[in-house]
1. Nearest 0.05, what FRET efficiency do Ser395 and Glu334 give at R0 = 41 Å with Cβ-Cβ as r?
2. Could you rank the peptides 306-318, 208-220 by their average count of other C-beta atoms within 10 Å per residue, with the highest value first?
3. With a Cα-only, solvent-free Debye model of the stretch 269-365, what are the log10 I(q)/I(0) values at q = 0.19, 0.21, 0.23, 0.25 Å⁻¹?
4. So how much slack lies between Lys198 and Ser286, counting 0.36 nm per residue of separation and subtracting their Cα-Cα distance, in nm?
5. For Lys373, give me every one of the aspartates and glutamates with a C-alpha distance below 14 angstrom, ignoring sequence neighbours fewer than eight places off in its own chain.
6. What translational diffusion coefficient, in µm²/s and rounded to a whole number, does the Stokes-Einstein relation yield for the stretch 229-316 at 4 °C and a viscosity of 1.567 mPa s, taking the hydrodynamic radius as the Kirkwood radius over Cα pairs?
7. Convert 37 °C to kelvin, take the viscosity as 0.692 mPa s, use the Kirkwood radius over C-alpha pairs of the stretch 188-339 as Rh, and evaluate the Stokes-Einstein diffusion coefficient in µm²/s, rounded to a whole number.
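Read-outs throughout are calculated quantities, based only on the coordinates presented, and are distinct from any laboratory measurement. Predicted, not measured: the structure shown is a model, and the values here were computed from it. Here the Cβ is made from the backbone with ideal geometry for all residues, glycine too, and neighbour counts use every protein chain on show.
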Amino acid sequence: KMISCFIQSSFLDKHLNLKNGKNFFSRKFSNKNKKKFLPFKNITLNVIKNNLNSVENPNKNTDIKDKFLSWLSYNNVFIFNKSTWGRAPHQCFVSNETTDEGESCGRGLLAFKKIQQGEKLIEIPENLILSVDKDQNEKDGYDFLNEYDSLGIFLIQQFTMGDKSKWKIYFNILPREEDLNLGFRWNIHDVIFLRGSKTLNASLYLKEKIKMQFLRLEKNVFCKNRLKYPKSIFNIKQWEWALSILLSRAIFLQNLKKVSLVPYADFMNHNPFSTSYIDSKKISFSQNHEIVMYADKDYNKFDQIFTTYGQKTNLELLLLYGFILERNPFDSIELRISLSDKDFFFQEKKRFMIECEKTTEITFPIFYYKYPKELYEFLRFCITNVSDLGSSELSDFNFNDENNYEIEKIIRKLVLFSCEKSLKNYSKKISGEKILGSLNSNFLISKNQKMALKQCKCEKKIIQRLSTNL
């Protein structure tokens, strides 16, 4: 949904400057201990500083979280873990650190007690969400703005208001600039590890798309009213931050038909096997709505509560949210097939495809456990010639027939060639399997580089399985 709208610990604290880092390492790697650390002499300070995860001050995190929970309570969000008059205790609590299958998920929601399937887990009043009114855009003459344009502008306005904003406490708990590791925000040292993957091109495309979106708004909105949209605030850096927040946290509320930021609900992490989703519901005997989610299964105490971000591939998860899942049943690669213009029947086949409301180029998703039947049907259509058709018309020919040995043999060769070509595109200089298997991988490469290698590994597994099954 988001893409379519668009197109839509460690030793060093991240806030410490380079000077502090030098002082630290000068103490640790003194001349006295120089020989002991000789194997690491080629690792520079910048590499180490960039590759180590920062240790956050736990007291600071707890203080921010407590203020946020108090703010929620003040705005009529029931989050008490003790029963009150006529209400049972809230079933969830916020944890600053959660894990799933051994991987860190950051902040998330855990079950405070046993939860049964179908129980209501969250209730957020509609007046607490960040969203925009389409009618207001029309009144202001900005009816050409889409929801992400409007919400991005509104988010920047509210963020720069500081203490005057209703959502000031909520903004304090959002990820900081350096913590937004969405794939399209990676630097060149991380992106190079995606060589051979289509994620690389998708990342560059999305980054350029966001830049073009900003330039369009700069021309049609910002530069026409600098008093309201000062350049020091509405710039490309701030716009990229706002869009990163929206891409990774905004929720499309189906019943309200709008994209919104929902405080507290956006703490929940994604699980591809979850069937719980966040949506709005009209409050009984009222014209107002509330944002709710129900448990899709039974939870034990301290289990992490998940929602679903949709049936997304690892490419989408990496670009929009900054993570991938090695056990993702919806992960796939794309195989693009097109008619050859050198085919003797090209014009006739092209007319036939137009009549079927199809193009001469079709992209097929290839999953680890399955691939579409239509892929082979289209390949048979592409390589069918006069001798295969006989006296039949294209519309009468059975492209589901698997008994033509010659055609099936050619199809197998074509797919194998495509698989081999795709595998050769991946970087040979970077041995992902060896690095990921190394005990020191967390020290030698950054988190983003490790994620890039995992993404390439998942893609290659799908390609290798396809070629093996032929």
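1. Once the sixth-power term is evaluated, E becomes 0.90.
2. Sorting 306-318, 208-220 by mean packing, highest first, produces 306-318, 208-220.
3. The calculated log intensity ratios at q = 0.19, 0.21, 0.23, 0.25 Å⁻¹ are -0.96, -1.05, -1.14, -1.23.
4. Fully extending the segment from Lys198 to Ser286 adds 26.8 nm.
5. Asp401, Glu402, Glu408
6. Estimated via Stokes-Einstein, D reaches 84 µm²/s.
7. For these conditions, the coefficient is 176 µm²/s.
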